[in-house]
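Presented below is the structure to which this report refers.
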Amino acid sequence: MNNLTKRIIPCLDVKDGKTVKGINFENLKEVGSPIELAKKYSKSGADELVFLDITATNEKRKTIVELVEKVAKEVFIPFTVGGGISSLDDIRAILEAGADKISFNSAIVKNPDLISTCAEYFGSQCIVAALDAKKEDNDFWIYINAGKVNTGLKAIDWAKRVEELGAGEILLTSMDYDGTQKGFDIELNNLISNAVHIPVIASGGAGANSKHFIDVFNKTKVDAALAASIFHYDTLPIEKLKSDLKKANISVR
């Protein structure tokens, strides 16, 4: 695949086996079955799928392996799973259940060596470092535990560090823009995509407007854009978005 091709990635935020969506990481509402949604996206032109068990870390329990297995049977596109994954055994179980990549957030902040260990065992292409960033005092800071804890790490420093340790990709979520549907955080995505050499996935803020995607691809170096509710509710179907991107001379599959 040529690196200039931009990817469109729907995200399933899963809580208690149901897909949910919130705003700024709060007020979660149920939007449907992860299995049915995964099936829909696999057929409708999504390039990849991300499945995040969003309460796994806070509830100190493991990602639902059985659900991952069921979703994996329905999708024929690369499939990333995150949430509460903190050991090689967890990773092995998720990959064996059918995931292609593993996304880490809180676990790698608490134990950065997990990245290099995993990259050694499973390869960098399997490792997605998820960064939840929020702007405070004119700087972007990394938060963990579903946006509850400020780590005191600057987003730019942490992005460079995860790359050094062997992460193959960064999933960058703007907490300030999450669920607002006002467009992606261009400043944050620019900062991080210019600071690293691995692919960056922009997340947080996509509305039912193809221009939000056109802007993030034209104004930053991100390789992919992720969204949830606009795809779940079909307010911007993936087929239409891709057709609009092509018209804007943005290369998509």
Accessible area (Å², 1.4 Å probe, nearest 10) - Ser33: 50
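What FRET efficiency comes out for the pair Leu88/Glu66, r = Cβ-Cβ distance, R0 = 30 Å, nearest 0.05?
0.90
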Å² of accessible area per residue within the chain, as computed with a 1.4 Å probe and no ligands counted: 43
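Label the range 130-253 by shape, choosing from rounded, prolate and oblate, from the square roots a ≥ b ≥ c of the eigenvalues of the Cα gyration tensor; if a/c is under 1.5 it is rounded, and otherwise prolate applies when a/b is larger than b/c, oblate when it is not. Before the final figure, lay out each step's value.
Values: a/c = 2.12, a/b = 1.53, b/c = 1.39.
Since a/c reaches 1.5 and a/b is larger than b/c, the shape of the range 130-253 is classed as prolate.
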Fraction of accessible area attributable to carbon and sulfur, the chain (%, probe 1.4 Å): 49
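Mind listing which trypsin sites (Lys or Arg not before Pro) in the range 104-188 are in a DSSP loop and have 15 or fewer other Cβ atoms within 10 Å? Walk me through the intermediate numbers first.
On the way: sites: Lys110, Lys134, Lys135, Lys148, Lys154, Lys160, Arg161, Lys182; in loops: Lys148, Lys182.
Within the range 104-188, the qualifying trypsin sites (Lys or Arg not before Pro) (loop, at most 15 other Cβ atoms within 10 Å) are Lys148, Lys182.
Would you compute, from DSSP H runs of 4+ residues alone, the mean residue ellipticity of the chain at 222 nm, taking -39500 (n - 2.57) per run and dividing by the full residue count, rounded to the nearest 500?
Working: 10 runs with 89 residues, N = 253.
Helix contribution divided over all residues of the chain: -10000 deg cm²/dmol.
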Distance histogram in 5 Å bins (all Cα pairs of the range 209-248, percent per bin): 6, 22, 35, 25, 11, 1
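Using the beta-carbon distance between Val149 and Phe76 and R0 = 35 Å, what value does 1/(1 + (r/R0)^6) give for FRET efficiency, to the nearest 0.05? Numbers along the way, then the final one.
On the way: r = 37 Å, r/R0 = 1.05.
That pair, Val149 with Phe76, gives E of 0.40.
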Cα Rg, Dmax, the range 101-189, angstrom units: 12.9, 40
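Using DSSP loop states and a limit of at most 16 other Cβ atoms within 10 Å to flag chymotrypsin sites (Phe, Trp or Tyr not before Pro), what is the longest stretch of the chain containing no flagged site? Each step should come with its number before you reach the end.
Values: sites that count: Phe76, Tyr233.
Answer from the scan: 77-232.
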Using alpha carbons only: equivalent-ellipsoid semi-axes of the range 96-143, gyration tensor based, whole Å: 26, 12, 8
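The values are calculated or read from the model by the stated rules, or taken from the named source; none is laboratory data. The model shown is predicted, which means the values in this text are computed figures rather than measured ones. Glycine gets a Cβ as well: all are built from the backbone with ideal geometry, and neighbour counts include every protein chain shown. What goes into the accessible areas is simple: the full protein's heavy atoms, side chains included, and nothing from ligands, DNA or RNA. Shrake-Rupley method; radii C 1.70, N 1.55, O 1.52, S 1.80 Å.
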